[in-house]
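The values are calculated or read from the model by the stated rules, or taken from the named source; none is laboratory data. Here the structure is a predicted model, which is why all the values come from computation and not from measurement. Cβ placement follows ideal geometry from the backbone for every residue including glycine, while neighbour counts extend to all protein chains displayed.
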Amino acid sequence: MTDDPSHPKWSRVLLKISGEALMGDQGYGVHPPTVNRIAEEIYAVQQQGIEICLVIGGGNIFRGLSAAASGMERASADYVGMLATIMNALSMQSALEALGAETRVMSAIPMQAVCEPYIRRKGMRHLEEGRIAIFAAGIGNPFFTTDTAAALRAIEMGCDALLKGTQVDGVYDSDPKKNPDARRFETVSYRQVLADNLNVMDATAIALARDNKLPVVVFDLHQKSGFASVLSGEGKSTIVQES
């Protein structure tokens, strides 16, 4: 991390994107123009010399919790959801490489015909060599979300921060889409996020971040150049960190 305002705040970050962010205005699946737009923003940030890794959810294709609630056995439903994250990772890889970025998809579920198995030291090396590492299939186990996978991989990769791209420009005390008087936090503590059940990430992910002093930055992924502006300290966001 640097205090120079002319340079990005962090030199290595993990960007967590929901699967729904790839749908665009569709109700399901991958919307190529939306994936391309997000890829362009990621690539532009990488060109500033920032090392980037990604975790992408799978909710645009399959949601394990929803399937389990409908009667599907939970572990099986979660594994199907993990496969959906691999599909999204490969879609993002294709979009990034079309721009000229070097990428590697690393899966917690071995699938060597299409991507590399996740090996921590190999992931570190990819970042050092200037590649964008995309971590897929969560942590490879059911009953854990991709939020938890994002926090874990960010810690394993030695990232300076975990950035979560959402549909709002930070963390609010209530849903700003339903409550026009909702208050946005500039910063909020891990303790308050957990105590007030603020809608940031699941409790396991927040606890992991807290225990490893990993800042979590929540910002609007759909705002033009939102990723870059947050990294430069200019964009709207909320930082979850020690109070």
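Remarks
- Gly233 passes every criterion in (1) exposed (fewer than 15 other Cβ atoms within 10 Å of the Cβ); (2) over 24 Å from Ile42 (Cα atoms); (3) under 20 Å from the mean Cα position of the chain (by Cα) apart from (2).
- Candidate set: the range 215-228, residues that are in contact with a strand residue (DSSP E or B) (Cβ under 6 Å, 6 or more places away or on another chain) and at pLDDT 95 or above; chosen: the one farthest from Tyr172 (Cα to Cα): Pro215
- Here Gly64 does not qualify as under 20 Å from Leu221 (Cα atoms) and either free of Cβ contacts under 8 Å to residues at least 40 places away in the same chain or out of contact with any strand residue (DSSP E or B) (no Cβ under 6 Å at 6 or more places or on another chain) (or both).
- Verdict on Ala84 being outside any loop (DSSP other than H, G, I, E, B), within 14 Å of the chain's Cα centre (by Cα) and among the aliphatic types (A, V, I, L, M): no
- When the criteria are applied in full, Glu102 meets the requirement of being of a type in the set (Asp, Glu) and touching a residue at least 24 places away in the same chain (Cβ under 8 Å).
- Restricting the range 173-208 to residues that are of a type in the set (Gly, Ala, Ser) and under 19 Å from the mean Cα position of the chain (by Cα), the residue that is surrounded by the most Cβ atoms within 10 Å (Cβ to Cβ): Ala205
- Single match in Ile17, Ile50 (criterion: modelled with pLDDT of 95 or more and within 15 Å of the chain's Cα centre (by Cα)): Ile17
- Counting only strands (runs of 3 or more DSSP E) wholly contained in the range 105-217, the ones carrying 2 or more residues that are among the hydroxyl-bearing types (Ser, Thr, Tyr) occupy 187-189.
- Taking the listed residues Leu162, Leu127, the one that is modelled with pLDDT of 95 or more, in contact with a strand residue (DSSP E or B) (Cβ under 7 Å, 6 or more places away or on another chain) and surrounded by fewer than 24 Cβ atoms within 10 Å (Cβ to Cβ) is Leu127, with no other qualifying.
- If you check Tyr28, Tyr43 for being farther than 23 Å from Leu14 by Cα, touching a residue at least 24 places away in the same chain (Cβ under 8 Å) and not aliphatic (A, V, I, L, M), only one passes: Tyr28.
- Those residues of the range 45-87 which are among the β-branched types (Val, Ile, Thr) and farther than 13 Å from Thr146 by Cβ, in sequence order: Val45, Ile50, Ile52, Val80
- Residues considered: Asn212, Asn179, Asn197. Of these, the only one that is modelled with pLDDT under 95 and touching a helix residue (DSSP H, G or I) at 6+ places or on another chain (Cβ under 9 Å) is Asn197.
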